Amino acid sequence: MRLLCWNLKRPDDRRLAGIAGQLRDLEVDLLMAQETRPGDGPALGRLLGGASAFTAAFPLRGSAEGHLIWRRHDPVGPVQPLMLGGWPWPRVAQLFRLTPRGPVAANLQLSHGPLAHRRELGVVAGHRPALIAGDFNWPEALRLRGWQDTTPAGGSFRLGPLRLRLDRVLIAGDLPQPSVRILPHGGLSDHDALLIDLPL
């Protein structure tokens, strides 16, 4: 199964068309995206087909920004919003099944700051998803008991001369080991994408 995890930085129509081209050319089965707009999933559907589900990331703020699951073939299935808390705007993650009867995954964007993102990741871990992926806003060392960080060392976000490992892929011990690669964003976002080949 081929997944693409990508912070899309609220794409305009031109960038969304380029993102759709990447999904098509890479033969992606499932997109887990952050910083998307409610209309991005239907727009990808018009360009590529497939099904999608959007979850607002900051519902109490009235924000139109959120997380997107897009699936090429199967229905998306039920997507459970997971309240993470956080201040000043409580955050929400997505829980869903990687395949209709398969393991559960979490798509998320955590708060900035070590205390906040550690607490929020603890909330997600309490639901025991087999895969946790997204924008962790977590450049420092990350260890979560029961999961392995399979993110490449190169880093997915450029800050001047630095490359930071903000985007992560965590795999629980009962899932097979995936291959994870960093793909340059090519001007389609400010984050590089994580391409995940997971033998399911």
Can you tell which of MET83, GLN34, ASN137 lies farthest toward the positive end of the dipole of region 13-137, using +1 and -1 charges on the Cβ of basic and acidic side chains (Lys, Arg; Asp, Glu)?
MET83
The chain: DSSP helices with Cα axial extent of at least 24 Å and average Kyte-Doolittle hydropathy no lower than 1.6
none
Checking region 26-122 for GluC sites (Glu not before Pro) in a loop per DSSP with at most 13 other beta-carbon atoms within 10 Å yields GLU27
Can you give me the relative contact order of region 1-61 as a percent, contacts being Cα pairs under 8 Å and 6 or more apart?
39 percent
Extension gain, TRP89 back to ALA56 (0.36 nm per residue minus Cα-Cα distance, nm)
10.7 nm
Keeping all protein chains in place and using 1.4 angstrom, which order do ARG158, ARG91 fall into by accessible surface area, from largest down?
ARG158, ARG91
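The values are calculated or read from the model by the stated rules, or taken from the named source; none is laboratory data. No experiment lies behind these values; they were computed from the predicted model shown. FYI the Cβ positions are ideal-geometry reconstructions off the backbone, even for glycines, and counts take in every protein chain you see. Quick note on the areas: whole protein, heavy atoms, side chains included, nothing else; ligands and nucleic acids left out. Shrake-Rupley method; radii C 1.70, N 1.55, O 1.52, S 1.80 Å.
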